[in-house]
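Scroll down for the structure; my scribbles are underneath it.
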Amino acid sequence: MSPIRSATAALTSAVLATTLTACQFGAEEQDTSPIIIAADLELSGPGAPLGKTYQRALELKAEQLNSSGALNGRQIELRIKDNRSDASESLRNVNDFSADSQVSAIVMGGCNECAMGAVEAVNGQQVPMVALASAEAIASPATERRYVFRLAPSAPDSAEALAVELRRNEIDTVGVLRSDDAYGKEGLTVLEAALDKADIEVLDVKTVRATDTDVSSQITALAQGAPEALVLWARAEQAGLAAVAAREANFEGALYFDASAAGELFLGTTARAAENATMVFTQTLVIDDVIATTPAKAARRQWFQDYTARFGGYHGSSSFAADALQLLTDAAIRSATGTGTTDREGIRNVLETSQLDGLSGPIRLTPDNHSGLMPQALTTLVARNGRWHLAG
């Protein structure tokens with residue numbers, strides 16, 4: 001059985017109940033117009049590794065949904081543009097998508113500045129957008145971002161989980177390397193608050209820019225303060241560089257990765273440096289360690305297997321893009337007018353009350369909260385023998 005076929009039952013349950021319409025009983029002609037979802041992604045520039053992961057995930061998920069028979073005769077059509085990891089280029093893409101009346105909604109990649117820069121445009125054009133970037137300010141406050149939604153781990157949730165794990169391991173002092181962007185600034189604020197509550201002292205903080213390919217100077221400076229642990233609050237590539245730099249600087253303390261540092265299941269060239277490191281992320285990255293005792297866990301395991309079979313490896317953040325497409329497809333089906341016209345307002349309204357036991361974990365969107373991933377989606381992972389495993 002092919003991966004696409006094998007995933008059908010588990011991966012399309014969210015839309016099966018919503019696709020029966022009056023046309024099946026001969027009441028009206030069936031709407032077979034495509035559901036056009038646009039995507040603004042970082043396919044070149046510093047954000048390319050993550051952007052390409054999102055592209056692969058969107059394309060695989062679209063194939064699965066299109067072959068499922070659950071879309072009531074309709075098909076998903078993706079329109080993907082490269083924003084080159086540049087907020088100005090991203091805004092041009094978003095304006096082009098918004099002006100196209102056929103586009104039902106937009107998925108945006110992991111660039112925080114790109115997503116924040118698009119807020120005014122999507123609100124003004126009234127086109128639903130699901131951002132996969134991490135900054136809370138993208139989708140909050142929800143009352144001022146009616147068309148903006150976000151699907152990624154939240155900084156406060158990640159910070160709280162890290163603080164709990166650091167306290168459990170009796171860590172009293174840390175150094176912090178954070179990304180020099182909106183998520184990094186926001187993250188430092190909530191991390192310091194969480195660590196203060198846990199009576200853990202932050203000895204020093206250094207920043208890393210998106211374009212940095214060497215973080216040795218920052219890590220050396222942090223290590224000189226002799227903290228018991230380093231918290232690496234940066235994207236996967238730079239967190240990996242930091243782990244290597246820490247070991248080269250003879251830092252013998254513990255390494256803790258924020259959720260934004262999640263990447264490939266197998267650590268590759270950073271495996272030795274990251275051995276025994278701790279990371280807060282969703283269970284999906286290590287779902288092959290988990291017994292599939294529920295339909296949701298079975299669906300996550302199937303996604304893991306299908307993605308791995310297609311692309312030869314697994315990237316933890318792929319599930320966010322797949323869940324975003326699931327949510328938008330479900331909303332498009334449920335809000336369909338039957339006339340073949342795009343109902344962006346209807347899609348927005350459905351999104352705002354959506355609930356899904358997604359590939360990433362439990363997702364709940366409300367009028368007051370447009371950041372859907374629930375705190376309980378996060379768990380603790382540990383690097384052992386060159387790959388991430390479920391802790392414990």
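Go through the range 157-175 and give me each residue that's surrounded by fewer than 17 Cβ atoms within 10 Å (Cβ to Cβ), of a type in the set (D, E, K, R) and in contact (Cβ under 8 Å) with a residue 40 or more places away in the chain. Once the filter is applied, which keeps residues that are surrounded by fewer than 17 Cβ atoms within 10 Å (Cβ to Cβ), of a type in the set (D, E, K, R) and in contact (Cβ under 8 Å) with a residue 40 or more places away in the chain, the range 157-175 yields only Asp172.
In the range 30-63, which residues are among the hydroxyl-bearing types (Ser, Thr, Tyr), within 13 Å of Asp82 (Cβ to Cβ) and open to solvent by 30 Å² or more (accessible area, probe 1.4 Å)?
Of everything in the range 30-63, just one residue is among the hydroxyl-bearing types (Ser, Thr, Tyr), within 13 Å of Asp82 (Cβ to Cβ) and open to solvent by 30 Å² or more (accessible area, probe 1.4 Å), namely Ser44.
Taken over the range 329-385, residues that are within 20 Å of the chain's Cα centre (by Cα) and either closer than 28 Å to Asp306 by Cα or among the aliphatic types (A, V, I, L, M) (or both) amount to 28. Residue count for the range 142-156, restricted to those that are closer than 23 Å to Val231 by Cβ and open to solvent by 40 Å² or more (accessible area, probe 1.4 Å): 1. Considering only the range 318-341, I want to know if a residue exists there that is open to solvent by 60 Å² or more (accessible area, probe 1.4 Å) and touching a Pro at 6+ places or on another chain (Cβ under 9 Å). Within the range 318-341 (the criterion being open to solvent by 60 Å² or more (accessible area, probe 1.4 Å) and touching a Pro at 6+ places or on another chain (Cβ under 9 Å)), the answer is no, since none of the residues qualifies.
So which of Ala133, Ala115, Ala105, Ala152 is free of Cβ contacts under 8 Å to residues at least 40 places away in the same chain and either outside any helix (DSSP H, G or I) or not charged (D, E, K, R) (or both)? Step through it out loud before you land on a result.
Working: Ala133 fails: free of Cβ contacts under 8 Å to residues at least 40 places away in the same chain; Ala105 fails: free of Cβ contacts under 8 Å to residues at least 40 places away in the same chain; Ala152 fails: free of Cβ contacts under 8 Å to residues at least 40 places away in the same chain.
Only one candidate passes the filter, namely Ala115.
In the set Ala7, Ala115, Ala14, Ala70, which member is closer than 23 Å to Arg344 by Cα, touching a helix residue (DSSP H, G or I) at 6+ places or on another chain (Cβ under 9 Å), open to solvent by less than 10 Å² (accessible area, probe 1.4 Å) and modelled with pLDDT under 95?
On the way: Ala7 fails: closer than 23 Å to Arg344 by Cα; Ala115 fails: modelled with pLDDT under 95; Ala14 fails: open to solvent by less than 10 Å² (accessible area, probe 1.4 Å).
Residue meeting the stated conditions: Ala70.
Of the residues making up the range 102-136, those that are in contact with a Lys or Arg (Cβ under 9 Å, 6 or more places away or on another chain) and of a type in the set (Gly, Ala, Ser) number 8.
Return the residues of the range 303-317 that are open to solvent by 40 Å² or more (accessible area, probe 1.4 Å) and under 30 Å from Thr32 (Cα atoms); say none if nothing qualifies. First the steps, then the outcome.
Start the filter on the range 303-317 by keeping residues that are open to solvent by 40 Å² or more (accessible area, probe 1.4 Å), which leaves 305, 308-312.
Within the range 303-317, Arg310 is the sole residue that qualifies.
Residues in the range 220-267 that are closer than 24 Å to Asn112 by Cα and assigned to a helix (DSSP H, G or I): Ala236, Glu237, Gln238, Ala239, Gly240, Leu241, Ala242, Ala243, Ala259, Ser260, Ala261.
The values are calculated or read from the model by the stated rules, or taken from the named source; none is laboratory data. Nothing here was measured: the structure is a model prediction, and the numbers come from that model. Glycine gets a Cβ as well: all are built from the backbone with ideal geometry, and neighbour counts include every protein chain shown. These accessible areas exclude ligands, DNA and RNA; they are computed on the full protein's heavy atoms, side chains included. Shrake-Rupley method; radii C 1.70, N 1.55, O 1.52, S 1.80 Å.
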